[in-house]
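Asker: Following this message is one structure expressed as structure tokens.
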Amino acid sequence: MLELQDVAIRRGDRLIVEGLGFSATRGELVALMGASGAGKTSVLRAIAGLDPIAAGEIHVNGVRLAAGRLPRGSHARKLHRSVGIVFQFHHLFAHMTALENVWLAPVHALKQPRAGAERRARTLLEALGVGGRAGALPHELSGGEAQRVAIARALAVEPPVLLMDEPTASLDPARRSDLAATLRDLAAEGRTIVIATHDVEFVRACTRRTVTLDGS
């Protein structure tokens, strides 16, 4: 489902990741760890096709990402349907309700009928425990609620690969435990999940394999 082969990533003139290789199968949950600045977020962005890699190859659900260029045309469309990404600060649209944030991409990007997309969005919000907050605006949500809405939005296009950047940054211990259980359930359904995090206890609660970036 996901494979990185000898990947290098640059930030400006600086090489921040070099020689990175790992794979993840269907239903596997992998933690990506390392010090601040080691390149964890950059790796997630590269897998999602948001930034080009400097060397190596990335394979995501049959899409090959080569060095120096981003996917285009049908390859880009397949990649965007294959990968959902949840950023650390959620990036929910402030003027839209939780429900609208979730059905937006299926309707506008995938051209799904709004009625069906809205039903699916409500189902996802209910499954993640925030169905009662469907009509709330982002500023009315707690950190944990916003995190779950962001996960629902990422899952709305039914991607086989889910990427999460520092998912526990705004959560208290109880919500961390809830999120770990949610991610284990998603993996059990066959989702491949990669988490970039500093949270060792969270990693122990929900993953069996860790990839560490040494940042040297």
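The values are calculated or read from the model by the stated rules, or taken from the named source; none is laboratory data. All of these numbers come straight from a predicted model, not from anything done at the bench. Cβ atoms come from the backbone with ideal geometry, glycine included; neighbour counts cover every protein chain shown.
Asker: Is it the case that the stretch 145-165 has a residue that's touching a His at 6+ places or on another chain (Cβ under 9 Å), of a type outside the set (Gly, Ala, Ser), within 27 Å of Gly39 (Cα to Cα) and assigned to a loop (DSSP other than H, G, I, E, B)?
Answerer: For the stretch 145-165, residues touching a His at 6+ places or on another chain (Cβ under 9 Å), of a type outside the set (Gly, Ala, Ser), within 27 Å of Gly39 (Cα to Cα) and assigned to a loop (DSSP other than H, G, I, E, B): present.
Asker: Ok, one more. If Gly190 satisfies every condition in (1) under 17 Å from Ser36 (Cα atoms); (2) exposed (fewer than 15 other Cβ atoms within 10 Å of the Cβ) but one, which is the exception?
Answerer: The one condition Gly190 does not meet is (1).
Asker: Any chance the stretch 150-168 includes a residue that's under 19 Å from Ala98 (Cβ atoms), surrounded by fewer than 19 Cβ atoms within 10 Å (Cβ to Cβ) and over 19 Å from the mean Cα position of the chain (by Cα)?
Answerer: Taking every residue of the stretch 150-168 in turn, none turns out to be under 19 Å from Ala98 (Cβ atoms), surrounded by fewer than 19 Cβ atoms within 10 Å (Cβ to Cβ) and over 19 Å from the mean Cα position of the chain (by Cα).
Asker: Moving on. Taking the stretch 24-73, which residues are in contact with a helix residue (DSSP H, G or I) (Cβ under 6 Å, 6 or more places away or on another chain), under 18 Å from Thr212 (Cα atoms) and either surrounded by fewer than 22 Cβ atoms within 10 Å (Cβ to Cβ) or of a type in the set (Asp, Glu) (or both)?
Answerer: Result: Gly34, single match.
Asker: Can we say Ala181 is over 30 Å from Leu4 (Cα atoms) and either surrounded by fewer than 16 Cβ atoms within 10 Å (Cβ to Cβ) or modelled with pLDDT of 90 or more (or both)? I'd like the intermediate steps shown before the answer.
Answerer: Details: over 30 Å from Leu4 (Cα atoms): no; either surrounded by fewer than 16 Cβ atoms within 10 Å (Cβ to Cβ) or modelled with pLDDT of 90 or more (or both): yes.
Spelling it out, it is not the case that Ala181 is over 30 Å from Leu4 (Cα atoms) and either surrounded by fewer than 16 Cβ atoms within 10 Å (Cβ to Cβ) or modelled with pLDDT of 90 or more (or both).
Asker: Any residue at all in the stretch 116-124 that's small (Gly, Ala, Ser), assigned to a loop (DSSP other than H, G, I, E, B) and either closer than 21 Å to Gly190 by Cβ or touching a Ser or Thr at 6+ places or on another chain (Cβ under 9 Å) (or both)?
Answerer: Here is the first cut: in the stretch 116-124, the residues small (Gly, Ala, Ser) are 116-117, 121.
In the following step, the residues that additionally are assigned to a loop (DSSP other than H, G, I, E, B) were identified as none.
No.
Asker: For residues that are basic (Lys, Arg), in a loop (DSSP other than H, G, I, E, B) and at negative phi, tally how many sit in the stretch 58-111. Explain how you work it out, then say what you get.
Answerer: Narrowing the stretch 58-111 to residues basic (Lys, Arg): 64, 69, 72, 77-78, 81, 111.
Add one more test, that the residue is in a loop (DSSP other than H, G, I, E, B), and what stays is 69, 72, 111.
Then drop every residue that is not at negative phi, which leaves 69, 72.
Counting residues in the stretch 58-111 that are basic (Lys, Arg), in a loop (DSSP other than H, G, I, E, B) and at negative phi gives 2.
Asker: Within the stretch 6-28, is there a residue that is among the hydroxyl-bearing types (Ser, Thr, Tyr), under 17 Å from Pro160 (Cα atoms) and free of Cβ contacts under 8 Å to residues at least 40 places away in the same chain? Give the steps one after another, and end with the answer.
Answerer: Restricting attention to the stretch 6-28, the residues satisfying the condition of being among the hydroxyl-bearing types (Ser, Thr, Tyr) are 23, 25.
Restricting the remaining residues to those that are under 17 Å from Pro160 (Cα atoms) gives 23, 25.
Applying the additional criterion that residues be free of Cβ contacts under 8 Å to residues at least 40 places away in the same chain yields 23.
Checking the stretch 6-28: at least one residue is among the hydroxyl-bearing types (Ser, Thr, Tyr), under 17 Å from Pro160 (Cα atoms) and free of Cβ contacts under 8 Å to residues at least 40 places away in the same chain.
Asker: Look at the stretch 1-57 and say how many of its residues are of a type outside the set (A, V, I, L, M, F, W, C) and either assigned to a strand (DSSP E or B) or on the phi > 0 side of the Ramachandran plot (or both).
Answerer: Kept after step one, since they are of a type outside the set (A, V, I, L, M, F, W, C), are these residues of the stretch 1-57: 3, 5-6, 10-14, 18-19, 21, 23, 25-28, 34, 36-37, 39-42, 45, 49, 51-52, 56-57.
After this cut, where a residue has to be either assigned to a strand (DSSP E or B) or on the phi > 0 side of the Ramachandran plot (or both) as well, the list is 3, 5-6, 10-12, 14, 18-19, 21, 23, 27, 34, 37, 39, 49, 56-57.
Residues meeting the conditions: 18.
Asker: Any chance the stretch 74-96 includes a residue that's modelled with pLDDT of 95 or more, of a type outside the set (Gly, Ala, Ser), buried (at least 19 other Cβ atoms within 10 Å of the Cβ) and out of contact with any Pro (no Cβ under 7 Å at 6 or more places or on another chain)?
Answerer: No.
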